[in-house]
Every structure is written in C-alpha cells, then in structure tokens.
Amino acid sequence: MIILFIGPPGAGKGTQAAQLAQKISVPHIATGDILRDAVKESSTLGLKAQGFMERGALVPDNEIIDLIKKRIIRSDCNNGFILDGFPRTLAQAQALGDMINQTDKQVDKVVNLEVPDSILIERLSGRRVCRQCRANYHVMNAPSKANGRCDKCSGELYQRNDDQVEVIKERLKVYKDQTVPLLDFYRTQKKLLDIRGESSITRTFRSLVETIGLA
Ligand code: AMP
C-alpha cells in the first residue's frame with residue numbers, strides 16, 4: 001500500500017504516519033527527518049538544504065525528487081511505503097506519479113490532516129524533540145517526566161530551529177501557497193481522505209484507521 005500524508009506543519013503527520021507504518025508494516029519515509037540527518041552529517045545535500053530549512057522555505061524540487069527516487073527503489077519499499085512531507089509541490093506530485101507509473105503500483109490513499117492555524121502555532125512553538133529517537137513532546141501539553149530528557153531513551157530534548165514563531169508563520173504561508181493546491185490534485189483522483197487532526201493522538205489515529213478502512 002502506498003499512502004501519502006499531506007497537512008500543515010504541526011498537524012501530527014509524523015506521529016500518525018509512524019503509527020500507521022507500524023500497523024501495516026511498511027517503511028515510514030519522512031523527508032524532513034532525512035534532511036535533518038543530512039544537515040547533521042554536513043553531507044552535500046545537507047549543506048544545500050540547511051539555509052532553506054532554517055528560513056522555513058522548501059528545499060528545491062530537484063533535490064527532493066532525487067532523494068525520494070533513490071529511497072523508494074530500495075527493497076524495503078517492495079510492499080509499499082508511507083510518505084510523510086512529500087510531495088509538497090505539484091512538481092513533486094507529478095514526479096512521484098511518473099516514478100510509480102513505471103511500476104505495477106499506484107498511490108492508494110492521500111491523507112489530508114486538517115488542524116486550525118491557532119492550534120498549529122501553539123503546538124509547534126512548544127514542541128520539543130528527542131535528538132536520539134525523535135520522540136515528540138510539548139512543554140505544556142505533553143512534557144517529559146525528566147526535565148529536558150526523553151522518557152523513552154533519555155536522549156536530549158531540543159527545539160527545532162524552524163519551530164520559532166516567525167519561521168512557523170513562514171512555513172504555514174509556504175504550505176498554503178505551494179502545498180494546498182495538491183489537495184485538489186488528489187481529490188480529483190478520488191484519493192484524498194480528509195481527517196480532522198485537532199483532537200488527541202489516539203482519537204485521530206482511530207479515525208484515520210477507520211477512514212482508510214483498516215479498522
Ligand atoms: P518537516 O519536518 O516535514 O516539517 O520538514 C522540515 C523542512 O524540511 C521543511 O520546512 C522544508 O524546508 C524541508 N522539506 C521537507 N520535505 C520537503 C519537501 N517535500 N520539499 C521541499 N522541502 C522539504
């Protein structure tokens with residue numbers, strides 16, 4: 001099964017996509033995570049991507065398309081995969097369609113995780129992430145038990161550079177300008193599933209699984 005997650009930053013795509021990937025036993029591929037690793041390693045891709053990411057802009061399509069092309073041909077994707085944060089532009093969506101058309105597979109479902117802006121800003125500005133296992137916390141709504149440390153692996157919690165309020169606003173603007181047009185692209189193909197993402201992780205996941213037809 002090939003499932004795509006679209007939704008504004010802070011909607012909970014990463015959390016929901018990871019849980020769904022586990023449930024259906026396919027890899028969860030998050031372009032944001034791959035890029036952050038590349039930045040950490042100072043690889044060629046990381047050095048190219050860093051400036052765009054820090055100001056909340058999108059990394060150029062050719063870099064991201066190339067990255068996805070190389071990732072989805074790996075053997076762990078033979079039975080499908082979940083893409084989280086890709087595609088984010090029409091050019092990326094078209095390139096993905098071309099890649100998949102060369103196989104006997106298709107994009108099965110596209111999840112549109114919807115959350116109002118006021119909640120997104122509150123979620124993102126209070127978000128803390130574990131450097132080691134990437135678990136997410138929130139300073140008010142879901143704090144870790146040990147101050148500044150991950151409950152699961154004791155890794156250090158940090159605030160992403162792009163989770164500063166000014167950058168968050170830019171990311172939301174970029175989402176509306178460049179990614180929202182994808183919703184119609186996939187709605188026309190009858191693949192889009194609108195899921196409300198403002199309630200708890202558990203309730204959102206239940207509604208996601210039911211809507212996909214996996215309950
Ligand atoms: P995310 O973790 O999905 O919020 O992504 C963090 C940042 O990585 C974004 O603000 C972009 O700068 C970059 N990024 C992630 N995915 C893409 C993509 N599909 N196209 C372009 N840039 C991306």
Return the single residue from 14, 32, 56 with maximal mean-square fluctuation; model: Gaussian network over the chain, springs between Cα atoms under 10 Å.
32
Normalised alpha carbon radius of gyration of segment 54-113 [divisor 2.2 N^0.38 Å]:
1.15
dims of segment 1-104, Cα set, principal axes, largest to smallest, nearest Å -> 36, 29, 26
Say we join alpha carbon atoms closer than 10 Å with springs in a Gaussian network model of the chain; which of 72, 201, 121 then has the biggest fluctuation?
201
Cα centroids of segment 94-148 and segment 23-51: how far apart, whole angstrom?
13
For Cα pairs less than 8 Å apart in space and 6+ apart in sequence, what is the mean separation divided by the residue count of the chain, i.e. the relative contact order in percent?
29
Sulfur and carbon atoms: percent of accessible area, the chain [1.4 Å]:
48
For the chain, accessible area per residue (1.4 Å probe, heavy atoms of protein chains only), Å²:
52
Could the peptides 21-30, 206-215 be put in order, highest first, of the mean number of other beta-carbon atoms found within 10 Å of their residues?
21-30, 206-215
How large is the Kirkwood hydrodynamic radius of the chain, counting all unique pairs of alpha carbons, in Å?
17.8
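The values are calculated or read from the model by the stated rules, or taken from the named source; none is laboratory data. What you see is a predicted model; the values in this text were computed from it and never measured. Neighbour counts are summed over all protein chains in view; Cβ atoms, including those assigned to glycine, are modelled from backbone coordinates with ideal geometry. Side chains included, ligands, DNA and RNA excluded: accessible areas come from the protein's heavy atoms. Shrake-Rupley method; radii C 1.70, N 1.55, O 1.52, S 1.80 Å.
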